[in-house]
Amino acid sequence: MPPTARAISQAWRAARSRIRMRHHHLLLRCRAMPLLPLPPRTLRVSGGLVHHRLIRCHGMPIPRRTPGVSGGRLFASLPLPPPLQSPREVHVWYLCPDELNNQSQLNMYEELLSPSEREYADSMKATMLRKDVVLSRALLRTTLSRYTGCKIDPRSFEFKKNKFGKPEVLWPLDDSTAEQPLHFNISHTTSLIACGIAINAHIGIDVEEKKRNTTKNILSLARRYFTPSEVDSLAEISDSDAQRKEFLKLWTLKEAYVKALGMGFSGAPFSTFSIMLETSKGIRISKTSNASRPGYDHLSENWLFTLAELNSSHYMSVCIEDSSRSQAGPEDSPAPVGLKVWKTVPFVEDTLVSGTEAVKLIA
Amino acid sequence: MPAFVLQLYIAMCLQSDPECPALLDSRIHLEVANVISSRSSVSFRSQKMSFVSIRSRPSSLRFKICCSATGEAQAKKETVDKVCMIVKKQLAVPDGTPVTAESKFSELGADSLDTVEIVMGLEEEFNITVDETSAQDIATVQDAADLIEKLVTEKTA
């Protein structure tokens, strides 16, 4: 039974009195979660059924929507994806903003957003950026809904940020899906937004356009931000275009690692770890001597990487935690990451693209 | 939380007289950032406390606090202008879109690679070195300009 308006406002008053000021150095930029709970939204009555938007009250259980309820029908039409079978499996769902121009579809996606997400979208002055914000939040919410058996309304997901600002799902206390925690990460370029999902393993993903040009010279960028061994491997490439592409590959891999670690750019500066692409054991990461300074003990090497070319237009790097590696010695080859990729237009069409020409594994 | 109350009091004093010089004890180093009325969030940073952020309900007040603890004015306009120019060039901002001190990098469409290129451009222009921790806190053009001024001052000191 959905809670009544009275129960909602009582819960809100109780929650408000429990709210404490949080000291969080990134809180100003934490747009997904308001500090104070919002007042209850007005109830709409439609066709005899009372719809209520889920209230962002801490401690209040989120009621499940049952499929078949008007409005619930839409997300129940999301097809169930194949399950994530192991912590080494990563599923990536991506969409192309340039191809999504149907205004009624975009309005539908916007309906999925929470008020603070909508506020953030509205703060974007450029229309393209606003559309990207709407699409990336809609992609995340619909993907999470898929991996929770399509039983949870995409609108009902709540998010929190860890102390470094990495977004995570805030699972309701009574939810059984919290036993198998889903981890996600999002990356966007102007032409592609990707959402990676893993189970029981922290994940980081980064996409970049292959044709992207830097304004600064590649080697000077590398000397400033990368490690000496990476600079050397880039300097060996004589063709400037090939060098630029290699730089982008390294960039996406390093970015994916930092995002997977979840400690921000300063938690793992690029100069503290090296990525090696061409080893016999696939992509390897190693800490540099820089990292032996105090403060970088959290940099770990038990991470699995995969690098792929999407649609011949983008590089995509995925990095997930490898908990089994602590038992294996460093000489053992890590098992490859099981990668599945879908191109999606949420509620309209999903296409499995991994295993086709659209996804070419590089390493 | 007496320190918190002190900060709020200072903010209120400054609100009534935005042009006043710094009235802060030199032991407490406070920087107060611009406040945008639609978001009504005020941020304080203090050596004694970790970063505190307060959000109130949106009000029609719009006030600018222009002092820093050292008593100098906010980053000079020419610094801000130079930063705007570097940002515009890096992000290829179309002529119609204004880039001002309050512009947020995220709202201009900067991704992580753009941000490091901007930081590198600023390092070259002002002959400074920005470490990753400081770079991570830059959200607006004003933040970048303030950081530059601070690093330049520290360098010449």
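The values are calculated or read from the model by the stated rules, or taken from the named source; none is laboratory data. Bear in mind that the values here come from a model prediction, so they are computed numbers and not experimental data. Here the Cβ is made from the backbone with ideal geometry for all residues, glycine too, and neighbour counts use every protein chain on show. In case anyone asks, the SASA skips ligands and DNA or RNA and just uses the protein heavy atoms, side chains included. Shrake-Rupley method; radii C 1.70, N 1.55, O 1.52, S 1.80 Å.
Summing Cβ point charges (Lys, Arg +1; Asp, Glu -1) relative to the Cα centre of segment B:74-156 gives a dipole of roughly 280 debye. Accessible area per residue for segment B:74-156 is 47 Å², calculated with a 1.4 Å probe on protein heavy atoms, without ligands, DNA or RNA. Segment A:E99..A:E158, full-extension length gain: 18.4 nm, with 0.36 nm per residue of separation and the alpha-carbon distance subtracted.
Once the C-beta distance of B:N127 and A:S266 is scaled by a Förster radius of 25 Å, the resulting FRET efficiency is 0.70 to the nearest 0.05.
Packing here is the average count of other Cβ atoms within 10 Å per residue, and on that basis the peptides A:93-103, A:348-358, highest first, run A:93-103, A:348-358.
Each peptide among A:238-245, B:116-123, B:128-135 gets the average number of other Cβ atoms lying within 10 Å of its residues, and from highest to lowest they stand as B:116-123, B:128-135, A:238-245. When the Cα gyration tensor is reduced to axis lengths a ≥ b ≥ c, the ratio a/c is 1.5 or higher for segment B:74-156, and with a/b above b/c it is classed as prolate. Counted by Cβ distance under 9 Å from A:S191, the other residues give a net charge of -2, where Lys and Arg count +1 and Asp and Glu count -1. For A:K210, the amide hydrogen comes within under 5 Å of the amide hydrogens of A:H314, A:Y315, counting only partners 5 or more places away or on other chains and with H modelled in the peptide plane.
Listed by chain and number, the lysines whose alpha-carbon sits under 26 Å from that of A:K360, ignoring those within fewer than 8 places in the same chain, are A:K210, A:K211, A:K245, A:K249, A:K254, A:K259, A:K281, A:K340, A:K343. Look at the alpha carbon pairs under 8 Å that are at least 6 residues apart: their mean separation over the length of segment B:74-156 gives a relative contact order of 41 percent.
With the simple model of a label 7 Å out from the Cα in the direction of the Cβ, A:N217 to A:L361 spans 3.8 nm.
Distant-in-sequence amide contacts of A:V90, defined by a placed amide H-H separation under 5 Å and a gap of 5 or more residues or a different chain, comprise A:G338, A:L339, A:K340. Computed from the C-beta positions of A:K151 and A:E301, the FRET efficiency with R₀ = 41 Å rounds to 0.60. The lysines within cross-link reach of A:K125, meaning a Cα-to-Cα straight distance under 20 Å and a gap of 8 or more places when in the same chain, are B:K88, B:K89, B:K104. Shielding of peptide B:106-112 by partners, expressed as the average count of other chain Cβ atoms within 10 Å per residue Cβ, is 6. Seen from A:L250, the other residues with C-beta closer than 14 Å to its C-beta sum to a net charge of +1, counting Lys and Arg as +1 and Asp and Glu as -1. The aspartates and glutamates within cross-link reach of A:K161, meaning a Cα-to-Cα straight distance under 18 Å and a gap of 8 or more places when in the same chain, are A:E117, A:E119, B:D137.
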